[in-house]
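The values are calculated or read from the model by the stated rules, or taken from the named source; none is laboratory data. Computed from a predicted model, the values in this text were never measured in an experiment. Neighbour counts are summed over all protein chains in view; Cβ atoms, including those assigned to glycine, are modelled from backbone coordinates with ideal geometry.
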Amino acid sequence: MYVSMKEMLLHAHENNYAVMAINCVNMEQAKAIISSASEEHSAVIINISPRQMKAHGHPEILAPMIRDMAERVMVPVAFNLDHGSSYEDIAYAVQCGFSSVMIDASGFEFEENVRRTALIASLAHGKGLSCEAELGHVGMANQQDNIKTDLYTNPSQAKEFASRTKCDCLAVAIGTAHGSYPKGFVPELDFGRLKQLKETLKMPLVLHGGSGAGDENIKKVVESGINKINVCTDLFKHGRQAMADAIAKNPDIDYMDVNMAAEEAMKQFIKRYMRLIGSSGRY
Ligand code: G3H
Ligand code: ZN
């Protein structure tokens, strides 16, 4: 089923679990994601960022393909523009047939973030799409000073933000970051703040930077109110490693078999993650 994120995230919110949102740039990844979701009886969100779209994604080809693949399975599948920032990128995603968009104006001050988000939420809702927004700021894992507590999401500000913008789900900053953390580093997350955000907002909450946070942290964020977890780096690493291993094992391996090795490794990773965050067996 090809759907927006709205209903699936409300279901996750009401039943205290989270749905994976996985970045995808090609057919092999889309196949791995959708078949994992189908086999796990889980909802799933396929993400693509503007950078990924421009570098390799071809959204005008990916969107109809993902829609077609989604319509062949019984579980809900959404296609979401991840970290959309310019109006042009977001309008293009809408035109290509995405079922959801994220407007990330978290780099702007509060009023400007509200203004930009409200505009995109109204555009998205008018077309039947869901809209994700971000308040506070989730930085990059390789820039430690970006994981600053003063960039964490403020609960009372978040309440005002959600009611003024009408976003369907909100990405919050509680200590995770995008990309690979330094070796051995496990982020310390602000679970108290997360619980307060959930109690105040009573809506689906999103965690960005789902890679490398550690199983315990991930289980605990779900218990504390996260309903969508974005994962990119770890999935790409699993696919790349499987390709490297397959080539090392047999330098003459067929190109198709290299892709299939990556697809299988990504599936194993996704299915395990779905069980960890409680989305398996819900559909
Ligand atoms: O929006 C994408 C994500 O937040 C992915 O972060 O690469 O750290 O998993 P990650
Ligand atoms: Zn992100």
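Would you pick out the residues in segment 199-224 that are buried (at least 24 other Cβ atoms within 10 Å of the Cβ) and away from ligand 2 (no atom under 14 Å from the Cβ)?
Scanning segment 199-224 gives Pro204, Val221.
Could you identify the single residue in Ala133, Ala78 that is within 18 Å of the chain's Cα centre (by Cα), closer than 23 Å to Ile34 by Cβ and within 16 Å of ligand 2 (Cβ to nearest atom)?
Of Ala133, Ala78, the one residue that is within 18 Å of the chain's Cα centre (by Cα), closer than 23 Å to Ile34 by Cβ and within 16 Å of ligand 2 (Cβ to nearest atom) is Ala78.
All but one of (1) among the small types (Gly, Ala, Ser); (2) at pLDDT 95 or above; (3) more than 14 Å from ligand 2 (Cβ to nearest atom) hold for Gly184; state the number of the condition that does not hold.
Gly184 satisfies all of (1) among the small types (Gly, Ala, Ser); (2) at pLDDT 95 or above; (3) more than 14 Å from ligand 2 (Cβ to nearest atom) except (2).
Take Val25 and tell me if it is within 16 Å of ligand 2 (Cβ to nearest atom), closer than 21 Å to Leu207 by Cα and β-branched (Val, Ile, Thr).
So Val25 passes the test.
Give me a count of the residues in segment 87-104 that are touching a helix residue (DSSP H, G or I) at 6+ places or on another chain (Cβ under 8 Å), farther than 19 Å from Met69 by Cα and either basic (Lys, Arg) or within 16 Å of ligand 1 (Cβ to nearest atom) (or both).
4
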